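None of the figures in this text is laboratory data; all of them are computed from the coordinates on show. Just so we're clear, the structure is a prediction, and the values are computed from it rather than from any experiment. Cβ sites come from the backbone with ideal geometry, for glycine too, and all protein chains shown count toward neighbours.
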Amino acid sequence: MVWSDVTTEPIEPGAVLGRVGGRSDGAVILFLGTVRDTNDGRPVSGMEYHGYEAMAQEQLAAIVVEASEIAGGAPVAAVHRLGALDLGEISVAIAVSTPHRGSAFEASRHVIEEIKKRLPVWKKEHYVDGKTDWVEGIQPMPETAS
Amino acid sequence: MTVRVLFFAAHRELLGASETIVDLPDGATVGELVQALRARGAPWDLIPDRPAVAVNRKYADGSHTLGNGDEVAVIPPVAGG
């Protein structure tokens, strides 16, 4: 069972975690990405996440299917937040459960790395000095996308 | 034929536009669409020569043939997570 969403609503990690797990699973992991207070030495006051929402939904749905396949059909849940986030807020949450830990870490890693490579999402950093900048990104390649 | 072209993030700010409609000859490719946009002159020539592009929400390369009514997105380098 896989689940994914791209949303402007705050992420509830417990709800994402609740979408995975089962009696045959001995490993359950939850990854959270949060807004950090510095980037490249510049003090950050907050982050704006922008997205091509319809495509981001489809891409994230494809990414969690791939991650589940990596982990032998394991449950995988992932959500990415859009909008204006404060420091410490959760921008992404990924939950995976598997019988043994190895494939859970592998599947979770796949989701976050593919998000970075191909999810059509952009972030604008707001700095403590009042300036803003688009965070330098990664050029997505057609051959790495589904 | 016409296609609808969407812009995001830094591109949207540079162009001062979130979308535009482009008329193209039948059978035009993604690469030809990008060149047609850049040929409009400033600020459209700020669009990179070979940007990442999605057609109908799927990444496509420059040789992809467009169809009437396609939704084309010019995708700046992505920075999710």
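Numbers at a glance
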{"read-out": "Exposure proxy ranking, count of Cβ atoms within 10 Å, fewest first, for A:K117, A:K131, A:K123, B:K58", "value": "A:K131, B:K58, A:K117, A:K123"}
{"read-out": "Global geometry of the protein assembly as shown, whether rounded, prolate or oblate, following the gyration tensor of its Cα atoms and the 1.5 cut on a/c", "value": "oblate"}
{"read-out": "Relative contact order %, the range A:62-146, counting alpha carbon pairs below 8 Å whose residues are six or more apart", "value": "24"}
{"read-out": "Among A:A15, A:G137, B:A9 - extreme Cα towards positive end, dipole of the protein assembly as shown, charges at beta-carbon", "value": "A:A15"}
{"read-out": "Rounded to 10°, Cα long-axis angle of helix A:53-70 versus longest principal axis of chain A", "value": "40"}
{"read-out": "The range A:2-132, dipole about Cα centre (Lys/Arg Cβ +1, Asp/Glu Cβ -1), debye to the nearest 20", "value": "220"}
{"read-out": "Global form of chain B, assessed from the alpha-carbon gyration tensor, a/c cut-off 1.5", "value": "oblate"}
{"read-out": "Calculated FRET efficiency for the pair A:D25/B:M1, C-beta based, R₀ 41 Å, to 0.05", "value": "0.20"}
{"read-out": "For A:H50, B:H11, order by how many other beta-carbon atoms lie within 10 Å, fewest first", "value": "A:H50, B:H11"}
{"read-out": "Separation between Cα centres of the range A:69-100 and the range B:1-50, rounded to whole Å", "value": "34"}
{"read-out": "Area projected by the alpha carbon convex hull of the range A:2-132, averaged over all directions, nm²", "value": "7.7"}
{"read-out": "The range A:1-63-the range A:105-123 distance, computed between alpha-carbon centres (Å)", "value": "10"}
{"read-out": "Positive-end extreme of charge dipole, the range A:15-146 - chosen from A:S97, A:G26, A:A62 (charges on Cβ)", "value": "A:G26"}
{"read-out": "Positive-end residue, the protein assembly as shown charge dipole about Cα centroid, Cβ charges, pick of B:A54, A:S108, B:V22", "value": "A:S108"}
{"read-out": "Cβ-placed point charges (K, R +1; D, E -1), dipole of the protein assembly as shown about Cα centre in debye, nearest 20", "value": "320"}
{"read-out": "With Cα atoms, 0 to 90° folded angle of helix A:101-118 axis to chain A main axis", "value": "40"}
{"read-out": "Net charge dipole size for the range B:2-75 [Lys, Arg +1 and Asp, Glu -1 on Cβ; Debye, nearest 20]", "value": "160"}
{"read-out": "Rough spin-label spacing in nm, given labels placed 7 Å along Cα→Cβ, for B:S63 and A:L32", "value": "4.7"}
{"read-out": "Under-23-angstrom lysine pairs by C-alpha in the protein assembly as shown, whenever the two are 8 or more apart or on separate chains", "value": "5"}
{"read-out": "Per-residue HN-Hα couplings for the range B:35-45 [Karplus 6.51, -1.76, 1.60; θ = phi - 60°; Hz; x = Gly/Pro]", "value": "5, 5, 5, 4, 5, 5, x, 4, x, 5, 6"}
